[in-house]
Amino acid sequence: MSAELIKVTINGQDFQVAKGARLIDVCREKGFSIPSFCYYADLALQASCRMCLVRIEKIPKLQTSCTITCTDGMIVTTESDEIEKAQRAMVEFLLANHPLDCPVCDRGGECELQEMAFDWGNLEERFTEAKNAAPEKYLSPIVANDPQRCILCKRCTRVCDEWMGEDAIEAGGRGAHTVIGTYGGWLNCSQCGNCIEVCPTGTLLDATYRHQARPWELEQTVSTCSFCSDGCEMSLGSRAGVLMRSVARDRYVNGHNGEFLCIKGRFGHPFVNHEERLRTPMIRYRKGGKLIPATWDEALAFTAKRLEEIANEHGASSIAVVGSPRITNEANYALYKFATEVVGTENYAATDAFSLVPFFDNLGGALATHKDIRHARTILLIGGEPEELQPLTGRQIRQAVRNGGAKLIIVNSREIRLRERAAQFVHVRPGAEDAAVLALADPAQHALAARKMGVEAAELETLRQTLNETEGDVVVMFGGELSQAAQAILAQLPYAFSTEARRVLLHPLPLYNNSVGCHDIGLMRGGRNAGQILDAAGAQVRALYAAGSFLPEHLSSRGDALSKLDFLVVQELFETETTRHADVVLPAASFAETDGTFTNNGGLVQRVRQSIPPVHQSRPDWMITAQLARALEADFGFQMSASNVFRELAAKVSAYEGLRYPLLKDETKPVQVKHPVAERKDLLKEAEGLRLGVEGMSEEAEKWTGTPPVGHELFKPGTLTGKVPQFHLLAAGNPEPPSVLISPLYQITIDASLRQEA
Amino acid sequence: MSQQFTPNNPLPQEAKVPEEMAVFSPEVEAEIDGHLAKYPVRRSAILPLMFIVQRERGGYLDPPGVAYLADRLGVRITDIWEVATFYSMINTEPVGRYHIQICKTLSCKIMGEPEITGHVCGRLGISPGETTPDGRFTVSLVECLGSCGTAPMFQIGFDYHENLTTAKVDEILDALP
Amino acid sequence: MRIEAIGCEPLLLARFKSENSHTLEVARTYGAYDALKKVLDSMTPEQVIEEVKKSALRGRGGAGFPTGTKWSFVPKDSPKEKYVVCNADESEPGTFKDRYLMERDPHMLIEGMLIAAYALGSKVTYIYTRGEYRYLIDIMDRAIEEARAAGFVGKNILGSDFSCEVYTHTGAGAYICGEETALLNSLEGLRGHPRMKPPFPAVAGLYQSPTVVNNVETLSAVPVVITMGGEAYKALGTEKSGGTKLWSVSGHVNLPGVYELPMGYDDMEKFIMEDCGGIRGGKKLKAVIPGGSSVYIMPAEDIIGKDVRLDYEGLVVGGSMVGSGGFIVLDETVDVFESTKNLIEFYKHESCGWCTPCREGTDWLVKIFKRIAKGEGRPEDAQLILDLCDNIEGKSFCPLGDAAAWPIQSAIKKFPEDFKRHLAPLAAQAEEASVAAD
Ligand SMILES: Cc1cc2nc3c(=O)[nH]c(=O)nc-3n(C[C@H](O)[C@H](O)[C@H](O)COP(=O)(O)O)c2cc1C
Ligand code: SF4
Ligand code: FES
């Protein structure tokens, strides 16, 4: 949109507005309310609800302001008898076949149609005929559907198409018999539930929350999702200390994700109040013995005593401290402080899938926020599968391509679904992603890289050309497939490709909600990484203090490492493989029960807020660590307040300098931390090591073919999502129940094999 | 309703795809290729292909037929549903071997449609919208078929029968194999 | 069924007299494709468009938009493909002229499309025919093959460097697909919802490329225009609307059929009462819906002795519109409440469901009309119906909403007694009783 200003007259008042601005937006900005249902910013225009009619001088008919771009001298009327009649008429039409039993509808209280009707007031009902009826039903274990309430604004079908790229639900039928649905009536999609979120009425409803609470009973708390590294802002709805739902409705929260959430963010929360949550601290007084419930004082004292003994016996560095990319910055900072200041060990690490250290140490430019991605001109995705692992990033990519005309280039060994949208898909041999980075770093290596990737050198030329022809932003994303060496080189690409007209932004795709924060705190810069600490178990490492559990990939290759330890203390939500070996287990509070911050893959540091009191006897991780320090005669001086932890963190970690909670209050103005930019390095020299690695790659390896199915990652019942029965049904292939009129969950109760443990 | 043109790689299907997929004779396949050849975008051939599948699969789009269409056109299964249910000539439910479509719009109405409908339904012992138990006849009342000048009329399958009288109706029905 | 030119030489109907006028052989004896030859031999695309502008040929599909002007909107310099699409969806109640043009003279249409394609720089053209007209699609396909064999269609037509394909496409039962943008969606394999305008098809139509959509009759008239020249064609009609037009006549007349009249034919009464043989069974004329169902109904008294001129302006003066030129003639036996109910049922069935007022409004209106028909009418219903029509008119996404409202509004206005009888059944009975009494 050009900055040029033009004059528009609305209801007799003159305004200067940006040329090309959309009339409905302008009117609303200037304080003239204009009702609408089908208009939804950044979705394809629809102009079907006809609520937004206005009068424009010199045009005979009323016009839909959602479709009008302002022109100079335009004279608009938004308030007049004629327009009010039209708007009342549309509401009346929409209510004609709409049931008027709001009290039994789950959307009652936050229904846009209900509010519209109330706004207009005294709508005497002239419709005395029989309403078209249709039974309530389920479209999936997650989506409940009451067709009668539909006003056909088609927000749902548009988000499904434009945000999710799935086209899973469509409008079928014609005229008054138009219905939203699918072929066969069963919904086999990624179950993001965004259709539910954008539905202005009670047509598409959250089947996991249905009939459990009324919106006005809920306490809404703006917080940040705890699943993936995209860090969607969400509103946690709780009642009497129980978390009832998490939504992104713009009436409650307006984060960088808008109203978008994915299945995990929206439906993964029931683990919070799950009966299997650890209830009390537990102590295993002797190896091979049982974990016995204990008080906090006992547990902390016992732990302090053992750690002291082991430190005295084997030295401070025999004690390892392991943080987690799933817990808050505050919690990880407390652990870091504990390791470095209280214990004095260099053996601290984090249980992440890969380290971001090489990337950030070579960082040659800014991180791309999700907003940047949406407006990028070219997006280069090397490895990774955002649609399954960072769904918001996936959505931003799709919209950048679909609505923004961006060019998407994908380098991947799997034929991921995103390739549908790609201008160029470079299908490489398994593990050959590194070669792409080498080629980018050094044009002279195209031939070698192509050979190893199993593609034509021309494809790499095209790729490079696209980057070089881009005017505007290029966003480079990468997944865990890249070696640490490759990540280091990739981080320098901004120096190689940016120009006056072109910014090159970077977007790492780590797996966890706080991978980036966990790195920033410094936990990934210890003497050993998580795996190496396990390898040293029983040898150099005798005792281990872990907040959160090790990942399966850490443990699987290392059979009984944990049992080799003299002492293991773990903070957890649930019993896990790690806690099974622990000598002390401390019940930790979940993200919904604690204050703090997460830092997402765009570098946004966002608030996590306490929605409900810690369940049972659990305590926030940072508090447990501080209390353990106290038991070891060290006072962290946090005074039981997360904001104090953050203030100290901000003082110690340069990227967070000057930040305070009050500055992070407003989710509509997200704050990006200032990751220090590394100086330019000689790529060719740096790439040498990488070249050797690529040299060593096989040229025989078979390529993987076949598109990974929707949900192959999203639906996996993990420690947390495994607590939600809907995920088990989906992981079991989302079987279509014999009847869609009752909850699909009953299938699990009659067929236990549908429980798919991870 | 995605305004985007169908990409040429197969899309993942977000709704259950019927196990079985219809197979057609080489002649029919050739006919289908003929239609596909007309358009720069495969999806454009959706209606012509639906008529063919309908013809070959007993008068309606049965699940294997739908699976075939989605595959042949490279669209999602639900795209077939959304289009099929919009157009009144595409059947998603079985219909009788002879589909008698009586025009009920104004010109036919005032020129004797009620009498014709009464006669046809009386003869077959069903009312409009129903199919005879033997599955031979379905009677529907439809909107203007462009025979207003030769009203009243009905269409059996694709055949126009105009200037109808009850006697003429009997001839026509008797003559059906 | 009478097919006749009245008050002018048959132009569109010229070839209908002879047997097998649909074959190339017969059509050629009438000079089929000579106009195309003339165009290819001696005219630039710009000259063709000029000629069509001169002819004052206006769209015969309903909107009556000047065809030459529409053609001139197509950006010459656009690098994209350009498309000519023939609208043969003919679904307007009371309209069946296109059907006979395609049945009896397919080559006239093909020639017209080729000339349009030449003028607009299009290499691919489609004929979108309503699905029910399957037999016409077969006729067109055969005609296209004949024409191809004779070198009129395909590569390097008549040895020139102009190449053009003509393809048939089938609809599948949806009146709304007659609306040009819905037609384009349908042709792209989507649901037949209308599109937002702008962009207009001429700029971004089929596959987002410049596209001209014209009615069968419009395109069939193009060879005539070229042959006799724009001026001469225009001279047959009036200043604003040139040439001749086909009128479909149905209902209670002795000679229903397709009539070719010069534009500006006066007068409507003579046309119905003499040319069409008058009202059947010597009954009295009650009303005429002259433009297909989507226009105001005209009561007899607005026609008899009013010499209403038959062209775009004339019918407006007379209180209605040309629309698609489908006369539905109603005699005194017709209850206008019933006929209006029949039409609103049509519009409800055909509403595409995209926009609120049309979708919900037509559904609601049908429910009201059905209730009234059950004898449960209320005096206030008339007001309610009129208000609902007003809430639809001018507020719907496409003109179908207006098309549904107009017939009802005019019916209630012009035939209040027919409604009163139904709306206040008891009162009406009492009235009749008292009349009978004295
Ligand atoms: C609801 C509706 C139905 C229409 N149906 C037809 C039709 O059946 N045939 C037709 O030629 N035009 C029809 N039209 C008009 C077309 O939109 C378009 O104006 C016309 O095809 C342009 O061709 P012309 O300029 O040659 O008339 C319809 C318009 C509307 C709003
Ligand atoms: S995309 Fe990631 S952050 Fe957003 S809701 Fe889903 S899991 Fe949570
Ligand atoms: S918001 Fe403009 S038509 Fe719906």
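Quick note: the coordinates plus some simple rules give every number you see, no bench work behind them. Everything numeric in this text was worked out from a predicted model, so none of it was measured. Neighbour counts run over all protein chains shown; Cβ positions are idealised from the backbone, glycine included.
For helix C:216-228, what angle does its Cα long axis make with the longest principal axis of chain C, in degrees from 0 to 90 and rounded to 10? Helix C:216-228 and the main axis of chain C meet at about 50 degrees.
The HN-Hα couplings worked out from phi for region A:368-377 by the Karplus form 6.51 cos²θ - 1.76 cosθ + 1.60 (θ = phi - 60°) are 8, 6, 5, 5, 4, 4, 4, 9, 5, 8 Hz, whole numbers, x standing for Gly and Pro.
About its Cα centre, the dipole of the protein assembly as shown is roughly 1720 debye, where the only charges are +1 on Lys and Arg Cβ and -1 on Asp and Glu Cβ.
Using the Cα centre as the reference, give the magnitude of the dipole from point charges on the C-beta atoms of region A:489-593 (Lys, Arg: +1; Asp, Glu: -1; all else neutral), rounded to the nearest 20 debye.
420
Determine the sum of side-chain charges near C:PRO210: Lys and Arg each +1, Asp and Glu each -1, restricted to other residues whose C-beta is under 13 angstrom from that of C:PRO210.
With Lys, Arg at +1 and Asp, Glu at -1, the neighbours total +3.
Panel note: the C-alpha atoms of the protein assembly as shown, placed on their principal axes, show extents of 121, 81, 70 Å (largest first). With a/c under 1.5 counting as rounded, go ahead and sort region C:145-203 into rounded, prolate or oblate using the C-alpha gyration tensor (a ≥ b ≥ c being the square roots of the eigenvalues; past the cut-off, prolate if a/b is larger than b/c, else oblate). Taking the square roots of the gyration eigenvalues as a ≥ b ≥ c, region C:145-203 is oblate. Across region C:32-165, Cα-Cα pairs farther apart than 25 Å form 26% of the total. Farthest toward the positive end of the dipole of the protein assembly as shown, out of C:GLY323, A:ILE750, C:SER293, is the Cα of A:ILE750, where the dipole comes from beta carbon charges about the Cα centre.
Once you've got the Cα coordinates, tell me which of C:LYS54/C:LYS270; A:LYS371/C:LYS70; B:LYS109/C:LYS54; A:LYS154/A:LYS407; C:LYS97/C:LYS414; C:LYS37/C:LYS270 are over 32 Å apart.
The pairs that break the limit, which is 32 Å between Cα atoms, are A:LYS371/C:LYS70; B:LYS109/C:LYS54; C:LYS37/C:LYS270.
Once the convex hull of all Cα atoms in chain C is built, its volume per residue stands at 135 Å³.
Full extension of the chain segment joining C:GLU301 with C:LYS413 gains 39.0 nm, where the gain is 0.36 nm per residue of separation less the Cα-Cα distance. Scanning residues 5 or more positions from C:TYR265 or on other chains, those with amide H under 5 Å from its amide H are C:LEU310, with H placed 1.01 Å from N in the peptide plane. Selection among A:TYR348, A:LEU392, A:PRO325 by position relative to the dipole of region A:319-415 gives A:LEU392 as farthest towards the positive end (Cβ unit charges, Cα centre).
Under the combined filter of DSSP loop state and at most 14 neighbouring Cβ atoms within 10 Å, region A:619-698 retains these trypsin sites (Lys or Arg not before Pro): A:ARG660, A:LYS665, A:LYS674, A:ARG680. Rg of the Cα atoms in region C:298-438, relative to 2.2 N^0.38 Å, amounts to 1.14.
So who's got an amide H within less than 5 Å of the one on B:TYR98, skipping anything under 5 residues away but keeping other chains? H placed 1.01 Å off N, in plane. Those qualifying (amide H under 5 Å, at least 5 residues apart or on another chain) are B:PHE137, B:THR138. Longest stretch of chain C clear of exposed loop sites (GluC sites (Glu not before Pro), DSSP loop, at most 16 other Cβ atoms within 10 Å, sites excluded): C:82-238. A cut-off of 5 Å between modelled amide H atoms, ignoring neighbours fewer than 5 places along the same chain, links C:PHE327 with C:SER248, C:VAL249, C:SER250, C:GLY292.
Need one word for region C:192-294: rounded, prolate or oblate. Basis is the Cα gyration tensor (sqrt eigenvalues a ≥ b ≥ c); a/c below 1.5 gives rounded, then a/b vs b/c decides.
Taking the square roots of the gyration eigenvalues as a ≥ b ≥ c, region C:192-294 is oblate.
Taking only the C-alpha atoms of region A:476-611, Rg followed by Dmax gives 18.4, 59 Å.
Taking trypsin sites (Lys or Arg not before Pro) across region A:12-103, the ones in a DSSP loop with at most 11 further Cβ atoms lying within 10 angstrom of their Cβ are A:LYS58. Dividing the summed helix terms, -39500 (n - 2.57) for each DSSP H run of n ≥ 4, by the number of residues in chain A produces a 222 nm estimate of -7500 deg cm²/dmol to the nearest 500. The share of alpha-carbon pairs in region A:474-545 lying farther apart than 21 Å comes to 45%.
With pairing defined as another cysteine C-beta under 4.7 Å, the cysteines of chain B that fail it are B:CYS121, B:CYS144, B:CYS148.
Rounded to the nearest whole angstrom, the semi-axes of the ellipsoid equivalent to region A:553-660, taken from the Cα gyration tensor as √(5λ), stand at 27, 18, 16, largest first. Derived scalar couplings between HN and Hα for region C:199-205 equal x, 7, x, 4, 9, 9, x Hz in order, rounded to whole Hz, by the Karplus curve 6.51 cos²θ - 1.76 cosθ + 1.60 (θ = phi - 60°), x for Gly and Pro. Is region A:133-251 best put as rounded, prolate or oblate by its Cα gyration tensor, with a ≥ b ≥ c the root eigenvalues, rounded for a/c under 1.5, and otherwise prolate when a/b is larger than b/c, oblate when not? Prolate.
Taking 7 Å steps out from each Cα toward its Cβ at C:ASP34 and B:ASP174 produces label points 5.0 nm apart. Around the Cα centre of chain C, unit charges on the Cβ atoms of Lys, Arg, Asp and Glu (plus for the first two, minus for the last two) sum to a dipole of about 760 debye.
A dipole drawn for region A:658-726 from +1 and -1 charges on Cβ atoms has a positive end, and of A:ALA687, A:GLY722, A:LEU664 the residue lying farthest that way is A:LEU664. Fewest-first ordering of A:ILE196, A:ILE75 by other beta carbons within 10 Å of each residue's beta carbon gives A:ILE75, A:ILE196.
Between beta-carbons, use under 13 Å as the cut-off and find the net charge around C:LEU285, counting Lys and Arg +1, Asp and Glu -1. Here the count lands on 0. Compactness check for chain B: Cα Rg over 2.2 N^0.38 Å is 1.19. Kirkwood hydrodynamic radius computed over region A:280-320 comes to 11.1 Å, based on all pairs of distinct alpha carbons. For region A:42-56, putting each phi into the Karplus relation 6.51 cos²θ - 1.76 cosθ + 1.60 with θ = phi - 60° gives couplings of 6, 10, 3, 5, 10, 6, 9, 6, 6, 7, 9, 4, 9, 9, 10 Hz, in residue order, rounded to whole numbers and with x for Gly and Pro.
For the pairs C:LYS197/C:LYS245; A:LYS337/A:LYS652; B:LYS104/C:LYS245, note any where the Cα-Cα span goes beyond 20 Å. Table pairs above 20 Å Cα-Cα are C:LYS197/C:LYS245; B:LYS104/C:LYS245.
Of all DSSP bridge pairs formed entirely within chain C, close to 40 percent run antiparallel. The Rg/Rh ratio of region C:4-89, with both radii computed over alpha carbons and Rh defined as the Kirkwood radius, is 1.01.
Among A:GLU657, A:GLU433, which comes first, then next, by fewest other beta-carbon atoms within 10 Å?
Ranking A:GLU657, A:GLU433 by Cβ neighbours within 10 Å, fewest first, gives A:GLU657, A:GLU433.
Counted by Cβ distance under 15 Å from C:ASP138, the other residues give a net charge of -1, where Lys and Arg count +1 and Asp and Glu count -1. Computed over region A:394-516, the P(r) curve from all C-alpha pair distances, binned at 10 Å from the origin, holds 12, 45, 38, 5 percent per bin.
Evaluated over the Cα positions of chain A, the convex hull gives a direction-averaged projected area, one quarter of its surface, of 35.4 nm². Evaluating kT/(6 pi eta Rh) at 10 °C and 1.306 mPa s, with the Kirkwood radius of region C:87-154 over Cα pairs in the Stokes-Einstein relation, gives 126 µm² s⁻¹.
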